[in-house]
Amino acid sequence: MSGRFLGLDTSNYTTSAAVFDGTEGVNEGKLLEVASGALGLRQSDALFQHVKALPGLIHKLREQGCFADIRAVAASTRPRPVEGSYMPCFLAGEGQGRAMADVLGVPFYAVSHQQGHLAAAAWSAGHLELLDRPFLAWHLSGGTTELLRVEPEGRNVSIEKLGGTSDISAGQLIDRTGQKLHLDFPAGKALDALAAQSDCADVFKVKRTGLTFSLSGVENQVQKRIEQGVNPADVARFALNTVADIVRRTTEAAKEGQKGLPVLFSGGVASNRILRQYMTGALFAEPRYSTDNAMGVAILAHRLWEGEG
């Protein structure tokens, strides 16, 4: 065994810490607290909650015997691997990660939240080898709806955005729909469960320009249905059908110009059951590794450390 590798991820709504041994891993996470009826957190509040939560998660990993022979530490330090990508909440994981690496006398690696999502999804789907070849990927979350072309870059990956939304993300649409239906934030799991009670096949045909589309009009359609007294389960199903439909149509268009590339889904929205039904043939992570987690960050720590060996 090549030792163990610690990964930290402090996204906008989840604090997480994970250890990976080259084959298996353990992830501990805590969802941030959001006031009832609210649609999110200010960055200062998210950062404060991360600073409070991380020591407890690290303690849980230590109690499970995960800290023997730590060879490297990594943390997500920004949302995406592009110039200017920044969110203060990632300072919590980066600061504690750098300090732990110094105390342990091991390397520290900075990666992006998006790269971590892709690594966790590939590993959980049983296809970690994807990281060593080009593939297409969706990053679908509360803040991101992006169609990506991913290529190996050393032992990490480089990412080119091909398309996605021009306004609100799929996750924002889901959370806003959930709020209108009086569901707790984040609303993904609850909206998925509510939609399962409906056999509604209605879809709003979102207009696509190239590989780019807008979801703001769907929110208006959701509001219209609620005002008309449509059954909440049917409203939930309509919103999720619409997201799945435009993602499928955009994926099909992308594959015409990217022949033979597999498609991987990552991000919390990728845990949705309706989306998985629409996207036959695509690769999905286990739901627990679709949502924000530090496992992919720990996996990248292992890969980057091996690359220096």
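The values are calculated or read from the model by the stated rules, or taken from the named source; none is laboratory data. All of these numbers come straight from a predicted model, not from anything done at the bench. We place every Cβ from the backbone using ideal geometry, glycine too, and count neighbours over all the protein chains shown. Heads up: the accessible areas ignore ligands, DNA and RNA and are worked out on the full protein's heavy atoms, side chains in. Shrake-Rupley method; radii C 1.70, N 1.55, O 1.52, S 1.80 Å.
From the list T251, T242, which one is under 22 Å from W123 (Cβ atoms) and either within 22 Å of the chain's Cα centre (by Cα) or open to solvent by 50 Å² or more (accessible area, probe 1.4 Å) (or both)? Selected residue: T251, the only one of T251, T242 that is under 22 Å from W123 (Cβ atoms) and either within 22 Å of the chain's Cα centre (by Cα) or open to solvent by 50 Å² or more (accessible area, probe 1.4 Å) (or both). Would the stretch 204-226 turn up any residue that is within 24 Å of the chain's Cα centre (by Cα), aromatic (F, W, Y) and under 19 Å from S141 (Cβ atoms)? Checked against the condition, which is being within 24 Å of the chain's Cα centre (by Cα), aromatic (F, W, Y) and under 19 Å from S141 (Cβ atoms), the stretch 204-226 yields at least one hit.
Restrict the check to the stretch 8-17 and report whether at least one residue is part of a loop (DSSP other than H, G, I, E, B), within 20 Å of S112 (Cα to Cα) and open to solvent by 50 Å² or more (accessible area, probe 1.4 Å). Yes, the stretch 8-17 contains at least one residue that is part of a loop (DSSP other than H, G, I, E, B), within 20 Å of S112 (Cα to Cα) and open to solvent by 50 Å² or more (accessible area, probe 1.4 Å).
Do we have V235 as in a loop (DSSP other than H, G, I, E, B), open to solvent by less than 10 Å² (accessible area, probe 1.4 Å), modelled with pLDDT of 95 or more and not aromatic (F, W, Y) here?
no
Checked against the criterion of being farther than 22 Å from L304 by Cβ and part of a loop (DSSP other than H, G, I, E, B), the stretch 146-163 has no qualifying residue. Looking at V82, V106, which one is part of a loop (DSSP other than H, G, I, E, B), farther than 16 Å from L264 by Cβ, of a type in the set (A, V, I, L, M, F, W, C) and open to solvent by 60 Å² or more (accessible area, probe 1.4 Å)? None of the others qualify; the one that does is V82. When the stretch 264-288 is examined, which residues are found to be closer than 18 Å to L128 by Cα, open to solvent by 10 Å² or more (accessible area, probe 1.4 Å) and outside any loop (DSSP other than H, G, I, E, B)? Across the stretch 264-288, the qualifying residues are L283, F284, P287, R288. For L39, the conditions (1) without any contact (Cβ under 8 Å) to a residue 60 or more places away in the chain; (2) closer than 29 Å to K189 by Cβ; (3) surrounded by fewer than 17 Cβ atoms within 10 Å (Cβ to Cβ); (4) not hydroxyl-bearing (S, T, Y) all hold with the exception of (1). Kindly check whether there is at least one residue in the stretch 186-199 that is surrounded by fewer than 16 Cβ atoms within 10 Å (Cβ to Cβ), touching a residue at least 12 places away in the same chain (Cβ under 8 Å) and touching a Ser or Thr at 6+ places or on another chain (Cβ under 8 Å). No, there is no match, as no residue in the stretch 186-199 is surrounded by fewer than 16 Cβ atoms within 10 Å (Cβ to Cβ), touching a residue at least 12 places away in the same chain (Cβ under 8 Å) and touching a Ser or Thr at 6+ places or on another chain (Cβ under 8 Å). Determine, yes or no, whether G210 is open to solvent by 30 Å² or more (accessible area, probe 1.4 Å), among the small types (G, A, S) and within 29 Å of R133 (Cβ to Cβ). Yes; evaluated as a whole, the condition is true for this residue.
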